[in-house]
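These notes concern the structure reproduced below.
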Amino acid sequence: MKNFINISDLSSNELRSIIDEAKLRKIKRKDLNKSAADQDKPFEGKSMAMIFEKPSTRTRMSFDIAIKQLGGYSIILNPDNIHYGKGNETLKDTAKVLTEYVDIVMLRTASHKNLEEFGKHLDIPIINGLSDQSHPCQIMSDILTFEEIKGSITGKTISWLGDGNNNMSNSLIEAAGKFNFNLKIGCPKKYMPNKKILNWAKKNKVNLLVTNKPEEAVKDSDCIMTDKWVSMNDKVNKQQKKKHLKSYQVNKKLMKKAKSDAIFMHCLPVGRGEEVTDEIIDGKQSVVWRQALNRVHVQKSILLYCFGKLR
């Protein structure tokens, strides 16, 4: 039994195995309908509980489809409708109950501490569907998408623009260390990566550049990535934050600074006209819809990893 909480928790070989399994299973599904199960049905008879503290489209849909394609089924739980650290029931007790009911838990939470606390009391695997500190499933999907289009990500240059201190940028820094790609983060000084992740990057010899110059961040890049400037439950002055990040918008002018065949990625949902222009997200260099699809394939591999079933 293995958990999937942070990219930094896994070895480079384990992460590579997850990507390779996703590629293989995706190819083998080529002639199957979207809702059809994989021929081997490795999760037949297994169930997954999904808990959503925060709204979700892609995480909810992709995990539900993933478990069904593996032959299992999912149960979606709303924290407001169950005893989840309230109603005289602790997170520990809820975790103990779920251990008796299902085979694995996926939690999408506003608090990484909830994820760690919940996982500590489970006797079954837990997957981080998103927390305030990391978004590992999304970044793994991004790597799969990149490699489908441009080959191995090792040695390539990825650029991140916007808030350098959020869950996506944290997981991207960890991935740069594990997959050995170059990472350039363009962000205002006010939104630089936190000291903890920067210390991890230094210790793990990540080829990382953090700059407040967006043009420097995207120069000669193979891929430009960004995210919503104001995330869900982001307790900040929204207008002020958007003002700070205005010059980091991904637009035609900035995309031209990257390589001519560079691709654009966004984890969605998108703030059109804010962090990216319509011209870019709807343009030929955008691969955002393939990213969304690949959440299914990567998450199937993550599920298999948690049960020790990767080939």
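A few remarks follow.
- For Rg and Dmax of the Cα atoms in Å, computed directly from the structure shown, the correct entry in (i) 19.1, 58; (ii) 19.5, 72; (iii) 20.2, 59 is (i).
- Between residue 89 and residue 309, the simple label model (points 7 Å from Cα in the Cβ direction) yields a spacing of 2.7 nm.
- Neighbours of residue 131, meaning other residues whose beta-carbon lies under 10 angstrom from its beta-carbon, give a summed charge of 0 when Lys and Arg score +1 and Asp and Glu score -1.
- Positive minus negative residues near residue 267 (Lys, Arg vs Asp, Glu; Cβ under 9 Å): 0
- Less than 5 angstrom separates the built amide H of residue 286 from those of 264, all sequence-distant by 5 or more or on a different chain.
- Over segment 39-112, the hull volume per residue, using the convex hull of the C-alpha atoms, is 89 Å³.
- The angle between the Cα long axis of helix 91-101 and the longest principal axis of the Cα atoms of the chain comes to about 60 degrees, rounded to the nearest 10.
- Computed over protein heavy atoms with a 1.4 angstrom probe, the accessible surface ordering of 82, 224, largest first, is 82, 224.
- The orientation-averaged shadow of the Cα convex hull for segment 155-311, equal to a quarter of the hull surface, comes to 10.1 nm².
- For the chain, the relative contact order works out to 20 percent when only alpha carbon pairs closer than 8 Å and six or more residues apart are counted.
- Using alpha-carbon coordinates, inclination of helix 288-306 to the longest axis of the chain, degrees: 40
- With Cα atoms, 0 to 90° folded angle of helix 136-150 axis to the chain main axis: 60
- Label reach from residue 261 (point 7 Å along Cα→C-beta): in segment 122-165, amide nitrogens under 18 Å belong to 144-159.
- For residue 145, net neighbour charge (Lys/Arg +1, Asp/Glu -1) across residues whose Cβ lies under 12 Å away: +2
- Straightening the chain between residue 251 and residue 30 buys 76.1 nm, computed as 0.36 nm per residue apart minus the Cα-Cα spacing.
The values are calculated or read from the model by the stated rules, or taken from the named source; none is laboratory data. Bear in mind the structure is a predicted one, so any value in this text is a computation, not a measurement. A quick note on method: Cβ atoms are made from the backbone with ideal geometry, for glycine too, and the neighbour counts reach across all protein chains shown. Heads up: the accessible areas ignore ligands, DNA and RNA and are worked out on the full protein's heavy atoms, side chains in. Shrake-Rupley method; radii C 1.70, N 1.55, O 1.52, S 1.80 Å.
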